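Everything on this sheet refers to the single structure shown next.
The values are calculated or read from the model by the stated rules, or taken from the named source; none is laboratory data. On a predicted model such as this, the values are computed, not experimentally measured, just so you know. Because the Cβ atoms are built from the backbone with ideal geometry, glycine has one as well, and the counts that use them run over all protein chains shown.
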Amino acid sequence: MSPDASGAARIVIAIDGPAASGKSSTAQWVASVLGFRHVDSGALYRAATAAAVRSGAAPAEWTEDLVLRVAANVTLSPRSTSFAPCIEGVDVESEIRGAEVTRHVSRVAQMPRVRTWVNSLVQQAATRHDIVVDGRDMGTTVFPKATLKVFLIADPWERARRRLTQQIGRRPTEAEIAEETDRLVHRDAQDATQTVQAKDAVLIDTTYLTQPEQVERIVALAKAVTQRGSDTSPVDDHAS
Ligand code: C5P
């Protein structure tokens, strides 16, 4: 566990997995059950992308320097059980979920110095709070010694069905699910290099699980691990 300014140890639960595997909503729920804060690392990549969109530069011309310059206005503002992604201090949660940001975010996330910037913001959050953090590489690069690591997977069709149901608020048609499945499989391919299952992660296939069941499993794992105790740092010296 990592010491905070007061010397107390912090707990990190890292939940990784591909797009629309239910990481963020599950992580948020687990955090509120445990009284921890949820950190959504993908929201930072999205906020940096939204800031680049706002800059007015054509996406083909986005350089790493441009993205880093506009990302300087991105912060994580603490809420009761999570952090709000902000640009110039204003919550951008709904802006970062739009189609344009989703289309360009994978390319921004491949910029090495952007990854370093996200990783350091996420690590800072973990020095002040017990956290449940979700992303692609939280259990490998960012918190190699996390208290608990979980890797969530689900069948692409089921991920597409869930995502659409959440977005459009009704039962999606087969054609809509097929189209969304194509988009997800494409993003999986773009994100493949940074989506890594840690060797010591617990793999949970959520295809046939309800969300309460997923949350219950992770909370039970977290309770088992934290009761066992740990005196190692979830952030190692070489994390970038
Ligand atoms: O989790 P979400 O789908 O919102 O993440 C948006 C994008 O941010 C992903 O498609 C991926 O390109 C990137 N990402 C990443 N590493 C993380 C979290 C997200 O590369 N830890």
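Quick notes on this one:
- Of all residues in region 91-106, those satisfying the criterion of being surrounded by 15 or more Cβ atoms within 10 Å (Cβ to Cβ) and within 11 Å of the ligand (Cβ to nearest atom) are ILE96, VAL101, THR102, HIS104, VAL105, SER106.
- Qualifying residue in region 190-205 (condition: acidic (Asp, Glu), out of contact with any Ser or Thr (no Cβ under 8 Å at 6 or more places or on another chain) and either crowded, with 18+ Cβ neighbours inside 10 Å or part of a loop (DSSP other than H, G, I, E, B) (or both)): yes
- Only residues that are of a type outside the set (Gly, Ala, Ser) and loosely packed, with under 14 Cβ neighbours inside 10 Å were counted in region 180-189, giving 2.
- Test set (1) modelled with pLDDT under 95; (2) outside the structural domain of GLY17 (by TED's automatic domain parsing); (3) within 14 Å of the ligand (Cβ to nearest atom) - ARG163 fails condition number: (2)
- Among the residues here, ARG217 does not qualify as assigned to a loop (DSSP other than H, G, I, E, B) and either modelled with pLDDT of 95 or more or not assigned by TED's automatic domain parsing to the domain that holds ALA99 (or both).
- Listed by first and then second residue, the pairs linking a residue in region 39-63 that is free of Cβ contacts under 8 Å to residues at least 12 places away in the same chain to a residue that is in a helix (DSSP H, G or I), with Cβ atoms under 8 Å apart and 6 or more places separating them unless they lie on different chains, are ALA57/LEU66.
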